[in-house]
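Working notes, beginning with the structure itself.
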Amino acid sequence: MRGRERLTRRSALCGAAALLTACAVRNPRAEARSQRVVALQRGGRAELCCVTWNIRHGEGTDGRVDLERTATTLVGLAPDIVLLQEVDRGCRRSGGVDQAARLGERLGLVSVFAAHRPFEGGEYGLALLSRPQVLASRAVPLLAAPRPLVALEAQLDVCLAEPLTVVVVHLVDTVEQRAAEAREVAARLALARGPWLVGGDFNGPRNTAPLSPFQTGVLASPPAPRETYPADAPVREIDFLIAGPAELVAWTSAWVPAEGVGSDHRPVVGRLAWGSASLVPAG
């Protein structure tokens, strides 16, 4: 190999390494835990393993509250982003544990919690666990709900020109009320300049009004059986992952793990991808 060719190749390799390093160092907390921030590159596409799960504060179908069992299931799925519903923080029924923080530590992911309301000496709500850096997060009150209810919204640094907006939801009550709650969430997602992901317990099946506000996105569609509730003998598909906009993202695979003990819901898992043409590093 000629000297000029060696120099050109070396420069190219150094430039690629510098780009990856620039993305990784944006997340000091994740770096301290030796966690990767950048989505894995596979065949010119970036992919993130996403999970949504209503964990019922760690109470399984056997009536036992066992958060370690919840953590073990999640560790086995090797997720990058986890959207959790029915999460306790400091509640008597679950031993006063900050469940989001405990699960985050167990998985080596950053944790964020948003409370619907006070409960049993603590708070009850939603959680997000993330391998990418969490740039910002907020609890968004859903005004259409008949009782205190929030969505958990966060912006994640996935080394694109714009962050990935993630919203965790647990829609409640009648179809009309759940549809109104969903419209509030969709209105916020419409403001997102980059890709978005919404997931959670919709308390109703696909092709119904609460999912229709997210028609600009793509629904993760596991093969049968894809029912998630009740976990020990599921007959209803009511937990979903949806990402958008459809022209930017795709689900390369999705499935419902056969987890019938750790909660009254089964988790939903999907691999979220976007094309290399969209991988424009911020800055």
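Run the simple label-point estimate for Ser253 and Asn207 please: 7 Å along Cα→C-beta, distance reported in nm.
2.7
Based on the mean of other Cβ atoms within 10 Å per residue, sort peptides 59-66, 191-198 so the most packed one is first. Please list the in-between numbers first.
Values: 59-66: 14.2, 191-198: 19.9.
Listed from highest to lowest mean packing, they are 191-198, 59-66.
Taking amide hydrogens as modeled 1.01 Å from N in the peptide plane, which residues meet the under 5 Å criterion relative to Ile55, leaving out close sequence neighbours?
Gln85
Using alpha carbon centroids, what distance separates region 81-127 and region 239-260, in Å?
Centre-to-centre distance over Cα atoms comes out at 23 Å.
7 Å from Cα along Cα→Cβ at both Val261 and Glu162: what's the point-to-point distance in nm?
4.5
Can you run phi through the Karplus equation (6.51, -1.76, 1.60; θ = phi - 60°) for region 109-118 and list ³J(HN,Hα) in whole Hz, with x for Gly and Pro?
Here the 3J(HN,Hα) series is 10, 6, 10, 9, 10, 9, 8, 6, 6, x Hz.
How long are the three semi-axes of the equivalent ellipsoid of region 38-278, in whole Å, if each is the root of 5 times an eigenvalue of the C-alpha gyration tensor, listed from largest down?
Value: 25, 20, 18 Å, ordered largest first.
No lab work stands behind these numbers, since they all come straight from the coordinates. Just so it is clear, the model here is predicted, and its values are computed rather than measured. Glycine gets a Cβ as well: all are built from the backbone with ideal geometry, and neighbour counts include every protein chain shown.
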